[in-house]
Each structure stands twice: as C-alpha cells, then as structure tokens.
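Participant: One structure is given below, represented as structure tokens, and several questions about it will come after.
The values are calculated or read from the model by the stated rules, or taken from the named source; none is laboratory data. Since we're looking at a predicted model, the values are computed, not measured. Using ideal geometry, Cβ is built from the backbone for each residue, glycine included, and neighbour counts are taken over all protein chains shown. What goes into the accessible areas is simple: the full protein's heavy atoms, side chains included, and nothing from ligands, DNA or RNA. Shrake-Rupley method; radii C 1.70, N 1.55, O 1.52, S 1.80 Å.
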Amino acid sequence: MRVAADISLYPLTEEFIPPIKDVIARLKSHTSLEIETNAMSTQVRGEFEDVMSALHKEIGLTFASNPKAVFAIKILNNPLEG
C-alpha cells in the first residue's frame, strides 16, 4: 500500500537549519521514495514499509545527533500521485 508522510523537523537549537538540511538529504538517499520539500515540510511518498523504515532510521539518527528536536508527522494512506 502506498502512503504519503508529511514531516516537519523542529531542532530546538539556535543552529536549526543544518539538521533540517541533513535529514532531507538523508531521506533523498532512499531511492525507493519520492521526496518533495517546501518551506514548511517535506513530503515522503512510497510503499508503507519503505516509508516507515526510512523514517525510523532517519529520525533515530537525527535524535542521536540532536538531543532536543521535535518531528511533526502526518501519514496518509492511498495518496494522490503528485
């Protein structure tokens, strides 16, 4: 089943841009996923297992290197093709 996840990262630090760019770059390295960014969030589309596996990995890495951070995530099943 295909899903779309809309994610936003809020690093709770003065230098908040580098962690955001880092997680987007790492998500883009997952070739099975479609990634689109805008000023407010990043959309990750693909098969459920692929999306969830990538989010699990990249959120874990982000939390390990940024001890104070918040991810806001919305997940939609059967998304429109975009």
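Participant: Tell me, please, whether a residue that is assigned to a strand (DSSP E or B) and farther than 18 Å from Leu76 by Cα can be found in region 24-36.
Facilitator: no
Participant: Please identify the pairs in which a residue from region 41-55 that is under 14 Å from Lys28 (Cα atoms) and in a strand (DSSP E or B) has its Cβ atom under 9 Å from the Cβ atom of a residue that is open to solvent by less than 20 Å² (accessible area, probe 1.4 Å) and modelled with pLDDT under 95, counting only partners at least 6 apart or on another chain.
Facilitator: Here the result reads Gln43/Pro79; Arg45/Pro79, each pair linking region 41-55 to a residue that is open to solvent by less than 20 Å² (accessible area, probe 1.4 Å) and modelled with pLDDT under 95.
Participant: Pairs, please: C-beta under 7 Å, at least 6 apart or cross-chain, first residue aromatic (Phe, Trp, Tyr) and in region 2-18, second part of a strand (DSSP E or B)?
Facilitator: Listed pairs, sorted by first residue: Tyr10/Ala69; Tyr10/Val70.
Participant: Still on this structure, I have one more. Those residues that are open to solvent by 20 Å² or more (accessible area, probe 1.4 Å), closer than 14 Å to Val70 by Cα and under 11 Å from the mean Cα position of the chain (by Cα), I need them from region 10-55; list them, please.
Facilitator: Ile20
Participant: Residue check, Ala69 against (1) surrounded by fewer than 16 Cβ atoms within 10 Å (Cβ to Cβ); (2) touching a Phe, Trp or Tyr at 6+ places or on another chain (Cβ under 9 Å), all met but one. Which one?
Facilitator: Of (1) surrounded by fewer than 16 Cβ atoms within 10 Å (Cβ to Cβ); (2) touching a Phe, Trp or Tyr at 6+ places or on another chain (Cβ under 9 Å), only one is false for Ala69: (1).
Participant: Determine, yes or no, whether Leu76 is in a strand (DSSP E or B) and either within 13 Å of Ala4 (Cβ to Cβ) or open to solvent by less than 40 Å² (accessible area, probe 1.4 Å) (or both).
Facilitator: yes
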